[in-house]
Amino acid sequence: VEWVAVLMPVGLLFLGFPIFIILIATSAVILMFFTSVPWTAVHQVMFGSVDKFALMAVPFFIFAGELMGYGGISRRIIDWVMSIIGGMRGSLALTTVGTCTIFGAISGSSPATVAAVGRLLYPPLRERGYDEKFSTGLLASS
């Protein structure tokens, strides 16, 4: 079982499959061939955790992040962090990480942080020559 869980995702990744397909295919193969779950119940086991009641809060956190962004708190946090880090090399990327850290602590939600801070910091990151993938990855991981 362990070798399938390691080699299958690596092989599919080298073949160029998207990550979500790799995760679905690997979990389906492991559930079908290495557990006692009936074939007719595989989809229920795979997607059963997605219908949790707590996931209903995610859109509300994103909405709260948007409200904070439009209310100006995001801009104030960005300006404050930029005043501390502003003179350093790579200060905009460091400001992004610092702002996301503070905003995430305030909002308690990563999606809300990306919604509020990403809307304000993604365009300047691109204007200053940061790569699209780097900018997106920086915002998503911060």
| query | Is it the case that the stretch 83-91 has a residue that's in contact (Cβ under 8 Å) with a residue 12 or more places away in the chain and not assigned by TED's automatic domain parsing to the domain that holds Thr26? | reply | yes
| Tally time: how many residues in the stretch 72-108 are of a type in the set (S, T, N, Q) and farther than 16 Å from Leu138 by Cα? | 3
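Restricting attention to the stretch 121-133, and to residues there that are in a helix (DSSP H, G or I) and in contact (Cβ under 8 Å) with a residue 12 or more places away in the chain, which single residue is farthest from the chain's Cα centre (by Cα)?
If we filter the stretch 121-133 for residues that are in a helix (DSSP H, G or I), which is where we start, we get 121-127, 132-133.
Filter once more, keeping what is in contact (Cβ under 8 Å) with a residue 12 or more places away in the chain: 121-122, 124-125.
Values: Leu121: 16, Tyr122: 15, Pro124: 20, Leu125: 18 Å.
Here the residue is Pro124.
The values are calculated or read from the model by the stated rules, or taken from the named source; none is laboratory data. It should be emphasised that the depicted structure is a prediction, and the values quoted were computed from it without experimental measurement. Cβ: placed from backbone, ideal geometry, glycine included. Neighbour counts: every protein chain shown.
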